[in-house]
């Protein structure tokens, strides 16, 4: 059974809006990621993903591989 979850990530170390493009591209290629949104001004990325295919930790690791730090952001 698939369950779509939403993960909000605060991404630090991104100097400009264009610099977030590699993160988006990496996430778009990841298995289980369904949708990606971003608020560049707030350094926030929102990822909708299939929890039966990937996990929050795998998504965070993927962002780290692009050279940036990501931490869960809870409202």
Matching residues in the stretch 36-66 - criterion: being farther than 25 Å from residue 2 by Cα, assigned to a loop (DSSP other than H, G, I, E, B) and out of contact with any helix residue (DSSP H, G or I) (no Cβ under 8 Å at 6 or more places or on another chain): 43
Inter-residue pairs, beta-carbon under 8 Å, first without any contact (Cβ under 8 Å) to a residue 24 or more places away in the chain and in the stretch 1-15, second part of a loop (DSSP other than H, G, I, E, B) and surrounded by 10 or more Cβ atoms within 10 Å (Cβ to Cβ), 6+ apart: none
Quick one: which residue in 29, 64, 35 is in contact with a strand residue (DSSP E or B) (Cβ under 6 Å, 6 or more places away or on another chain), surrounded by fewer than 15 Cβ atoms within 10 Å (Cβ to Cβ) and without any contact (Cβ under 8 Å) to a residue 24 or more places away in the chain? 35
Which one of these does residue 75 not meet: (1) more than 12 Å from the chain's Cα centre (by Cα); (2) part of a helix (DSSP H, G or I)? (2)
When the residues of the stretch 4-34 are filtered to those that are modelled with pLDDT of 90 or more and in a loop (DSSP other than H, G, I, E, B), which remaining residue is nearest to the chain's Cα centre (by Cα)? 30
Out of all the residues in the stretch 38-50, which are farther than 11 Å from residue 9 by Cβ and either within 11 Å of the chain's Cα centre (by Cα) or modelled with pLDDT of 95 or more (or both)? 48, 49, 50
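The values are calculated or read from the model by the stated rules, or taken from the named source; none is laboratory data. Just so it is clear, the model here is predicted, and its values are computed rather than measured. Virtual Cβ from ideal backbone geometry, glycine too; neighbours counted across all protein chains shown.
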